[in-house]
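S.K.: Mind having a look at this structure? Questions to follow.
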2 protein chains.
Amino acid sequence: MDTLQHEELKYSKYDMAIDTSFWNESYSQKINKWRLEEPIAFLNAFVSTPLVAATQLSIPSHLAYLRNDSFLASLSESTSSRSVASVLFPGFMKNYNHLEALENMDARNALYYALYELLLRPLFFTTYESMQEEECAWNAMSFTSFCVFSFIDGKKFSFRHREAFPSLKLSSPIYVEEAFHGFSNFPLDISACEKIHQFAKERISFKNTPFVCAVEDRDVHFADFSPSMFANMAERHTNVFICFWNFSSRCDRVDSGAKNLFNCLRLALPQLQKFHFLALQGSKDACVYCACTCKQQAIESVERTFQRVVDALNSKDPQCVDWKVLFESNSDPVLKASGWISREDKVENLNSVMNPEERANKGSQCNLQLMKWRAAPNIQLDEIQNCKALLLGTGTLGCNVARNLLMWGVRHITLVDRSTVSYSNLGRQTLFLFEDAKNGTEKCIAGASALRNIIPGVCVTPVSLNIPIPGKRAGADKQELIERVAVLRDLITSHDVVFLLTDSRESRWLPSLLAAAHGTPVINVALGFDSFLVRRHGVVSVTSGSNVVGTDHGEQPLSCYFCKDIYAPSKSQLSSTLDRQCTVTRPGVSSMASALAVEMLASLYQNPAGFRFTCKEELQGNPGCLGIVPSIMRGNIRSYQINHEIEQRSSKCTACSASILNQYHAHGTDFIIKCLEDPCFIEEVCGLKEQRSTDEAALCDTFSDSSSANDN
Amino acid sequence: MDTLQHEELKYSKYDMAIDTSFWNESYSQKINKWRLEEPIAFLNAFVSTPLVAATQLSIPSHLAYLRNDSFLASLSESTSSRSVASVLFPGFMKNYNHLEALENMDARNALYYALYELLLRPLFFTTYESMQEEECAWNAMSFTSFCVFSFIDGKKFSFRHREAFPSLKLSSPIYVEEAFHGFSNFPLDISACEKIHQFAKERISFKNTPFVCAVEDRDVHFADFSPSMFANMAERHTNVFICFWNFSSRCDRVDSGAKNLFNCLRLALPQLQKFHFLALQGSKDACVYCACTCKQQAIESVERTFQRVVDALNSKDPQCVDWKVLFESNSDPVLKASGWISREDKVENLNSVMNPEERANKGSQCNLQLMKWRAAPNIQLDEIQNCKALLLGTGTLGCNVARNLLMWGVRHITLVDRSTVSYSNLGRQTLFLFEDAKNGTEKCIAGASALRNIIPGVCVTPVSLNIPIPGKRAGADKQELIERVAVLRDLITSHDVVFLLTDSRESRWLPSLLAAAHGTPVINVALGFDSFLVRRHGVVSVTSGSNVVGTDHGEQPLSCYFCKDIYAPSKSQLSSTLDRQCTVTRPGVSSMASALAVEMLASLYQNPAGFRFTCKEELQGNPGCLGIVPSIMRGNIRSYQINHEIEQRSSKCTACSASILNQYHAHGTDFIIKCLEDPCFIEEVCGLKEQRSTDEAALCDTFSDSSSANDN
Ligand SMILES: [Zn+2]
Ligand SMILES: [Zn+2]
Ligand SMILES: [Zn+2]
Ligand SMILES: [Zn+2]
């Protein structure tokens, strides 16, 4: 700095590099944590130390780097993450809810606030109980710090932002009286210089703060930096230096952290006129010894300003203080703030940068996370989003239910169907495209690929399976039938919820039985022309492998789809007419029923009793944060109404009665095959047959009674 | 036929060629006309005459051809469609509802029935009042006819079918005594032969029936064919011939129509033992003169059989008669039926053959047509399917509404939106794909292409338009604002219904006003977190260009979305927070609301009063075949309920009041621009401002009253 003698001391600026992972994380913070708040979020920037920056292929040390882990507050305390190679600079981020707030931000005031928050706090409490206390406060200061102001457009995944490294400027500058480059040129003993360099190197690995040293020949005294300590040392020694690592890449400048350091010192000691510093770099030749002079500050003016700040802070939140008034009310302001990296806001649109699959997955969950902001702060989304859903049937209902599950963030969906997409499906089965009909693609395959085309990250499994139906003799195909039963059972036991969405009643029987036996919850949807049924089946605890079927609450669980039947389901001998094959319904019926079925699932996941939620509880009304969870809903769009019903399990149900489940637990697939081959057997086991003959006998009695009555 | 002398007369078979257009049409007949019925549908097959078949590049004349116009009954009567080149053979088709019915069909009985239906009817009424009457009956007979039995799998667009050309077989055959090939070889005067050929040629152009001729030297007598006429001629002349065009392509055989002709004649004249025929072909050398002999039929047996048939038909529907019993009850059946083209059913899968776009369009309408079969026989589908729907907003609601419109068969859809697809839209906006978000495609474009990918024939127009919102000074962009207003007005006046589906309240104001002013019906859908609103706006007659706004019924029309407002809508100065930008709703809310909005449209089209359906009518309850049409529905999925409301137009509405509409009719776009630039002006015009100051004065009065009361 020979060239700079008697000139103003010059400073180099910091710059900031922001990784996309930082914006990604700030988006998550916004969605999941800050929501509608605009809190001050404390951050750490990663900066290469001058020890490595100049010598290695590394980020230059004037560049502060923000990454996703910049949000981890614990980083600054953890010593394990510290190294000689990089240090952490503290800072904060303030994200605005409205773009206008960022655009119309009072930039100067924001900078004063940042200076206060990050740097000046210790200055406003001039009287410390002890020198130790003062030292503690000054040691905690970071003379280099930064702030980020931002607005996140969550829909476009674009980030508008501006950054500053706020720095203090006093009304009078600092002049360089003498400067020496490199240890060999210092008017000091070389071994003392070596000692200082070594001390600074060791210190940076746990603490990146300036220190004070006094050199007497070969002897060096070290002390933590504080204004009192500096004054004290300067009183007792001749060669007293403020030492710090210089993060500037230019040897003729010091970094703006040093500027803050000197100006803080001058505010604390307004009478200061002379001081020396050693600006250290990795290379000993790049280190600088400098003697500085400056005008002493107007003490009264400084004290008045400090008092105004203390008064203001006693009555107000620092964020609401008008700092300009405090610092600039006299014609000659005590201090000025500067440090904006750029006058223009920068905009990062990360849509093009990020992995689009990840964005799709994250973006599609966005609306759900936003529920927590206002509408349902207590909603639990993890459970439903981790739920594995089995959809039996991928027709009109299956497509709509899958779409609604996607909307709720469900990412594990298994689609079961054996038919292929036909042209007549196109209007209504909302996952299929013209091409699928043209190619005659299997519905489960076409549905899976449609879901992946929406959210590539969705885990969807197509299963082409013909669900076994009672009343069709297996004959030679018995082995194949046994296998189909096994596949269905494995599907039901490996999922968290079964949606019954097939187009025939008979095909729902076996899944109902298996789900009841294995304790998998069932949501059943059935359509009429202008009406629909959405119901959940009762769920009981099942001790796997045992034949004990009990309820949690000592009361009957809810009924199932078959509980009111008086005949076992059986395949009709005639094929269906076209209008029976295609469910002829008003289109809205399926859309509504599917939506309600998935909303029922969502509500259940918010309910404290979950799927085991029984009649009694339903009647007592114990809703979760999404409201009531009816067990049976019947809707009608002839009258545009929804009615709720409640029903307990029937002891003679063909699918869920204890007698059926016990036989299944005792005999497994053998029992199932027997049922499938002979629906009469089902009626025998569950007691329907016996009841019917009793009923018929009763009916005969009634007739004979009445006829004898006529005779009389 | 020299080789055949003293041998049995041989017959050649017909074959059938079925065009895909025939199956296409039979599918339409099934869906739209037959539905659940299994009627006998009379058809015409197209057959090339022997006049052209042999000489030209034409369909051989033994091939009967079925096309879509085979179903037109009038074809057989229209002379214009007749030509010498082709004739029509009558037949029928019977389509079964169930595949099993076709598979298990009693083939022999079906053939007997076809013989009766197509051929034998005149035989069972042996006594005619006059020879003329008999002639008439026999002239109406077609000795060549066919039947088609089928099952249509409407979902797979596959057609299973079997055909027969039913022919009569008597227990004793016909023998060829003498046969001569070509006019020059005939033992007849050549000019007489020429006369016969010429007569037959002229006759075929209006009537393809056999005739009788008697040749005496050069002189020829012609007569229509009937058994009595034949017997009569044979009594009076030596050389009497039955003449007919021979559709066989082989000159050593006659077609099976001739077989029926001869056997019918033998049944009518059981004592017949000898007859001559001339089998005519286009080429005179291919014509055959043939003298035949046969055993006379057992007259009593024939008469008994005929009597059994007449008795059976007097008590039963021909379709239900057991014909086998009637004809085969004695050990030597009088007649046997034959004529199946093939023993195996044929299956045509037309999915691969037909124009897939057309199939998609037709197939997707199938479910709607099926409604007429059972659920809603009186439903009118044309109006809704021809309706042009304008969707303002192509977000969550727009996508779902468009899908539901597609389901109802609506094929003219205009999508209006100005934003692009973002990743956060993917889960919920059911028309968009991952790729759309990745490419940042405009929503209206992405939506249009999605709809076309479902039904290629859909006529969908994307419009990228920013709907003008009150409260934003146009400034320099005034011309552009005027243009946006004009575009919106043109859209609203050129569509049959407007769906209001935007994501802000303010953007619905101008469309509400324009629709009210121009008489376009509006269906408005709005979402809350777990609630929704679906409502239709009142519609009044508008005399275009006049400023008179009247109602049809002398009563106030229904209210609009803005009728209860006490402030004019105005753009807020702050941008929305993320959760306000993305409509944060439970996913099911949008699915349900969109479905209900479109069901409301469908119901309206079934209502006699249509869109002008007013409060009074709604309260009186005058539903169409789809049930009630509420004017306002509020749904809630916290309690899973739908409530209905009814509301009349407010005289101070900012969008639909007479004062607003009159100003618009008087000043047009100028008035709109003034409103858009200054929402206070809207309040002035509609009288809200005046009302508010009155209300405030009243409020002040209340306070002063109460204070004075306290003083007392
Ligand atoms: Zn230098
Ligand atoms: Zn049950
Ligand atoms: Zn020959
Ligand atoms: Zn209104």
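S.K.: Could you derive backbone 3J(HN,Hα) for the range A:247-254 from the dihedral phi with the Karplus parameters 6.51, -1.76 and 1.60 (θ = phi - 60°), listing whole Hz in sequence and x where the residue is Gly or Pro?
M.R.: 7, 6, 8, 9, 7, 9, 9, 10
S.K.: If you average 1/r over every pair of different alpha-carbon atoms in the range B:174-299 and take one over that average, what Kirkwood value in Å do you get?
M.R.: One over the average 1/r among Cα pairs gives 14.6 Å for the range B:174-299.
S.K.: Summing Lys, Arg as +1 and Asp, Glu as -1, what charge do residues with Cβ under 9 Å from the Cβ of B:Y11 carry, B:Y11 excluded?
M.R.: Within the 9 Å Cβ shell, the charges total +3.
S.K.: Between copies, how far does the label point of A:L36 sit from its twins, in nm, shortest first, when each point is 7 Å from Cα along Cα→Cβ?
M.R.: Inter-copy label distances (nm, one decimal, shortest first): 5.5.
S.K.: As a test of the formula, what do you get for chain A when each DSSP H run with n ≥ 4 contributes -39,500 (n - 2.57) and the sum is divided by the residue count, at 222 nm and rounded to the nearest 500 deg cm²/dmol? If you can, show how the numbers build up before the last one.
M.R.: Details: 24 runs with 256 residues, N = 712.
Computed ellipticity for chain A at 222 nm equals -11000 deg cm²/dmol.
S.K.: Amide H of A:D255 versus every other amide H placed in the peptide plane: which residues, excluding those fewer than 5 positions away on the same chain, fall under 5 Å?
M.R.: A:S12, A:F247, A:S248
S.K.: Can I ask one more? Pop out the ³J(HN,Hα) list for the range A:398-405 in order, Karplus 6.51 cos²θ - 1.76 cosθ + 1.60 with θ = phi - 60°, rounded to Hz; leave Gly and Pro as x.
M.R.: x, 4, 5, 5, 4, 4, 5, 5
S.K.: Testing the spin-label approximation: label points 7 Å from Cα along Cα→Cβ at A:S572 and B:D224. State their distance in nm.
M.R.: Simple spin-label model gives 4.9 nm for this pair.
S.K.: Which whole number in µm²/s is D for the range B:7-167 by Stokes-Einstein, with the Kirkwood Rh taken over Cα pairs at 25 °C and 0.890 mPa s?
M.R.: Details: Rh = 17.2 Å.
So the translational diffusion coefficient is about 142 µm²/s.
S.K.: Given charges of +1 on the Cβ of Lys and Arg and -1 on the Cβ of Asp and Glu, with all other atoms neutral, how large is the dipole of the range B:358-692 about its Cα centre, in debye to the nearest 20? Could the numbers behind the result be given before it?
M.R.: Working: 34 positive and 30 negative charges, 123 e Å.
With only Lys, Arg, Asp and Glu charged at Cβ, the dipole is about 580 debye.
S.K.: Which FRET efficiency value, to the nearest 0.05, is calculated for A:E480 and A:N439 with the Förster distance at 25 angstrom and r the Cβ-Cβ distance?
M.R.: Result of the calculation: an efficiency of 0.40.
S.K.: Turning to a different aspect of this structure: Within chain A, which is the longest segment that contains none of the chymotrypsin sites (Phe, Trp or Tyr not before Pro) sitting in a DSSP loop with at most 12 other Cβ atoms within 10 Å?
M.R.: By the stated rule (loop sites, at most 12 other Cβ atoms within 10 Å), A:207-712.
S.K.: What ³J(HN,Hα) values, in whole Hz, does the Karplus curve 6.51 cos²θ - 1.76 cosθ + 1.60 give for the range B:649-662 when θ = phi - 60°, with x put for Gly and Pro?
M.R.: Once θ is set to phi - 60°, the couplings for the range B:649-662 become 4, 8, 6, 10, 5, 6, 10, 10, 6, 4, 4, 5, 5, 5 Hz.
S.K.: Still on this structure, I have one more. Where in chain A lies the longest segment free of GluC sites (Glu not before Pro) that are both loop residues by DSSP (not H, G, I, E, B) and have at most 12 other Cβ atoms within 10 Å?
M.R.: So the longest stretch without any such site is A:130-343.
S.K.: State whether the range A:431-474 is rounded, prolate or oblate according to the following rule on the C-alpha gyration tensor (a ≥ b ≥ c being the square roots of its eigenvalues): a/c under 1.5 gives rounded; otherwise a/b larger than b/c gives prolate, and the remaining case gives oblate. Mind showing how you got there, number by number?
M.R.: On the way: a/c = 4.34, a/b = 1.81, b/c = 2.39.
Because a/c hits 1.5 or more and a/b fails to exceed b/c, the range A:431-474 counts as oblate.
S.K.: Where does each of A:R359, B:R203 land when they are ranked from fewest to most other beta-carbon atoms within 10 angstrom?
M.R.: Ordered by Cβ neighbours within 10 Å, fewest first: B:R203, A:R359.
S.K.: What is the local net charge at A:E684, summed over the other residues whose Cβ is closer than 15 Å to its Cβ (Lys, Arg +1; Asp, Glu -1)?
M.R.: -1
S.K.: If you take the C-alpha gyration tensor of the protein assembly as shown, multiply each eigenvalue by 5 and take the square root, what semi-axes do you get, largest first, in whole Å?
M.R.: Over the Cα atoms of the protein assembly as shown, the ellipsoid semi-axes are 91, 36, 36 Å.
S.K.: Calculate how many DSSP beta bridges within the protein assembly as shown are antiparallel, expressed in % of all such bridges and rounded to the nearest 5.
M.R.: Details: 143 of 211 bridges.
Within the protein assembly as shown, antiparallel bridges account for around 70 percent of the total.
S.K.: Please compute the modelled spin-label separation between B:E194 and B:N643, points set 7 Å along Cα→Cβ, answer in nm with one decimal.
M.R.: 9.8 nm
S.K.: Now, a different point. Hey, can you grab everything whose amide H is under 5 Å from the amide H of B:F146? Only 5+ residues off in sequence or another chain; H modelled, so Pro and N-termini drop out.
M.R.: B:G91, B:F92
S.K.: May I pose another question? Just to confirm my numbers, what's the Cα centroid distance between the range A:436-489 and the range A:331-399 in Å?
M.R.: Between the Cα centre of the range A:436-489 and that of the range A:331-399, the gap is 35 Å.
S.K.: Long-range amide H contacts for A:N239: which residues qualify at under 5 Å (H placed 1.01 Å from N, peptide plane, sequence gap of 5 or more or a different chain)?
M.R.: Under 5 Å from the amide H of A:N239 lie the amide H atoms of A:V215, each far enough along the sequence or on another chain.
S.K.: For label points placed 7 Å from Cα toward Cβ, what is the shortest-first list of nm distances from B:S315 to its copies?
M.R.: Output for B:S315: 11.5 nm, nearest copy listed first.
S.K.: While we're looking at this one, here's another question. Using a Förster distance of 45 Å, how high is the FRET efficiency between B:H98 and B:E235, based on the Cβ-Cβ distance and rounded to 0.05?
M.R.: Calculated transfer efficiency: 0.25.
S.K.: Continuing with this model, one more query. For a quick size check, give me the Cα extents of chain B along its three principal axes, largest first, whole Å.
M.R.: 135, 53, 48
S.K.: Is the shape of the range A:358-692 best called rounded, prolate or oblate, per the rule: a/c under 1.5 gives rounded, else a/b larger than b/c gives prolate, else oblate, with a ≥ b ≥ c the square roots of the Cα gyration tensor eigenvalues?
M.R.: On the way: a/c = 1.55, a/b = 1.16, b/c = 1.34.
In terms of gyration-tensor shape, oblate.
A short reminder: the numbers here are calculations on the coordinates, not readings from a lab. These numbers were taken from a predicted model, which means no experiment stands behind them. Using ideal geometry, Cβ is built from the backbone for each residue, glycine included, and neighbour counts are taken over all protein chains shown.
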